[in-house]
Amino acid sequence: MVHKHWKSDDRLIRFFAYGSVVSTYILIVIGGYVTTSNSGLGCGESWPLCKGAVLPSLNNPEVAIELTHRLFNSVVGVFILGLAIVAWTRYRKASNIVLLSTTSLVALVVQVVLGMVTVTTSLNPIVSDAHLALASAILAIVVANAAMVRNLTLRAAQLQQ
């Protein structure tokens, strides 16, 4: 359903909020495939490089799978960072959105570090499980934030009518 009364400013925060949800979900699915295909060490134990290179040879499927997971994280990063910036600059009064946006950004940074530790500890099961648990928490945070953004923008549209 298209809402004619949404402001163009609202489109930007909705873009980043909804993009955060979709991209985070996709990244978790890719991460699951990394695990089930035994590709977790496809790039070796080097991080952030893969097989010691920025762009390694992709002749090994495990390398391609692991590298896809690492690179897709940047897509999630763009959405979550964009959401935080928009929340901080345009929606300061919506404290719940600012809090959730900031929390998701901090959690993503911790998640990247945890991903590095996962690789550099040769997929230690405790670290790997913590990596999945934090990914699930980030998904919950961005879903909650997207719901808050939707409610805020719908309320604003209803007030304008």
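The values are calculated or read from the model by the stated rules, or taken from the named source; none is laboratory data. The structure presented is a predicted model; accordingly, all values stated were derived computationally and were not measured. Positions of Cβ are backbone-derived with ideal geometry, glycine not excepted, and every protein chain shown enters the neighbour counts. What goes into the accessible areas is simple: the full protein's heavy atoms, side chains included, and nothing from ligands, DNA or RNA. Shrake-Rupley method; radii C 1.70, N 1.55, O 1.52, S 1.80 Å.
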Inset, instruction - Using a/c under 1.5 as the rounded threshold, could you call the stretch 26-99 rounded, prolate or oblate? The axes a ≥ b ≥ c are square roots of the C-alpha gyration tensor eigenvalues, and prolate needs a/b larger than b/c, oblate otherwise. - result: prolate
Legend entry - Dipole-positive endmost among 122, 137, 89 within the stretch 51-161 (Cβ charges, Cα centre): 89
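Can you list which of the trypsin sites (Lys or Arg not before Pro) found in the stretch 81-161 are DSSP loop residues with at most 11 other C-beta atoms within 10 Å? List each step's numbers first, then the result.
On the way: sites: 90, 92, 93, 150, 155; in loops: 92, 93.
Loop-located and lightly packed - 92, 93.
Considering only protein heavy atoms, what per residue accessible area in square angstrom results for the chain with a 1.4 angstrom probe? Don't skip to the end; give the middle numbers.
Details: 9030 Å² over 161 residues.
In whole numbers, the chain has 56 Å² accessible per residue.
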Inset, instruction - For residue 33 and residue 18, calculate 0.36 nm times their separation in residues minus their Cα-Cα distance, and state this gained length in nm to one decimal. - result: 3.1 nm
Inset, instruction - Would you mind checking the stretch 11-55 for residues with the amide N under 17 Å from a putative spin-label position 7 Å along Cα→C-beta of residue 85? - result: 11-20
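Using only DSSP helix segments of four residues or longer, with each worth -39500 (n - 2.57), what per-residue ellipticity at 222 nm results for the chain after dividing by its residue count and rounding to 500?
Working: 4 runs with 121 residues, N = 161.
The helix-only estimate for the chain comes to -27000 deg cm²/dmol at 222 nm.
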Inset, instruction - Note down the relative contact order for the stretch 1-126 as a percent, whole number, built from C-alpha pairs under 8 angstrom at least six residues apart. - result: 30
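Rounded to the nearest percent, how much of the accessible area of the stretch 76-161 (1.4 Å probe, protein heavy atoms only) is carbon and sulfur?
Answer for the stretch 76-161 is 71 percent, counting heavy atoms of protein chains only.
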Legend entry - Read-out Rg and Dmax of the Cα atoms in Å, derived from the coordinates shown; its label in (i) 15.1, 44; (ii) 20.2, 76; (iii) 17.9, 58: (iii)
